[in-house]
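Input: a single structure, listed below in structure tokens.
The values are calculated or read from the model by the stated rules, or taken from the named source; none is laboratory data. None of these values were measured; they are calculated from a predicted model. Note: ideal-geometry Cβ built from the backbone for every residue, glycine included; neighbour counts use all protein chains shown. When the accessible area is computed, the model is the full protein with side chains, heavy atoms only, and any ligands, DNA or RNA have been set aside. Shrake-Rupley method; radii C 1.70, N 1.55, O 1.52, S 1.80 Å.
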Amino acid sequence: MKLFAKIVLGTVLAIATVVAAVLIGTRFADGPLEMIAGGPFTSGELQSKPPADWSFMRDAETIEFQSLEPPRSRTVWVLAHEGRMFIPCGYMNSTWGRIWKKWPVEAERDGRIITRIDGKLYNQNLVRIQEGPILEPLLAEMSRKYAGGQPIPVEVVTSGAFWFFEVTPRA
């Protein structure tokens, strides 16, 4: 039994070490590793200004963005509506969301970001949207892209469970 316990403990420690190494290592990487946050962007061509119309992002599943403070990058869902680009974030009032998702609170504090789309970098801002007529079409687009057409009630936003950020140009 002692041998079995040592093998299990050794396996658990090995797995924990590998996970920790990956999580720490990605902080120094050029961008995120899928859902694991990464380091600041070191590649990509900086554009003088973002596109005036983001409609071409309508069917894109995700984009990468890097916050400036703290300097970390991540992969997130993306929405395009009437030429504007938005980043949604769910699970904001769940325990899991509060533990895992720090970026929305950081973005609300300092919305300066750099997006990386098709190897192009854009200096932009995130502006949180909590109300208004834009919520209904954004929720409809969320439903189309990510919820299999299931309706999403506006209460998920007004209750704080779901956040939307508009991606706007930064001078």
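Every listed requirement among (1) within 14 Å of the chain's Cα centre (by Cα); (2) over 21 Å from L139 (Cα atoms); (3) in contact (Cβ under 8 Å) with a residue 12 or more places away in the chain is met by W77 save one, (2).
Scanning region 42-67 for residues that are of a type in the set (F, W, Y) and open to solvent by 30 Å² or more (accessible area, probe 1.4 Å) yields one hit, F56. Before we move on, is G119 under 28 Å from D30 (Cβ atoms) and surrounded by 17 or more Cβ atoms within 10 Å (Cβ to Cβ)? No; evaluated as a whole, the condition is false for this residue. For the condition part of a loop (DSSP other than H, G, I, E, B), closer than 20 Å to Q66 by Cα and out of contact with any Lys or Arg (no Cβ under 7 Å at 6 or more places or on another chain), A161 does not qualify.
Of all residue pairs spaced 6 or more apart or on separate chains, those with beta-carbon atoms under 8 Å, a first member in region 142-171 that is free of Cβ contacts under 8 Å to residues at least 40 places away in the same chain and a second member that is open to solvent by 70 Å² or more (accessible area, probe 1.4 Å) and charged (D, E, K, R) are V154/E136; V157/E131; T158/E131.
Hey, could you check region 68-93 for residues that are among the polar types (S, T, N, Q) and in a strand (DSSP E or B) and say which is least open to solvent (accessible area, probe 1.4 Å)? Reasoning before the result, please.
Just the residues of region 68-93 that are among the polar types (S, T, N, Q), to begin with: 73, 75, 93.
Narrowing the set further to residues that are in a strand (DSSP E or B) leaves 73, 75.
Working: S73: 0, T75: 44 Å².
The qualifying residue least open to solvent (accessible area, probe 1.4 Å) is S73.
Taking region 35-67 as the range and being part of a loop (DSSP other than H, G, I, E, B), of a type in the set (G, A, S) and over 14 Å from the mean Cα position of the chain (by Cα) as the test, the residues that pass are S43, G44, S48, A52.
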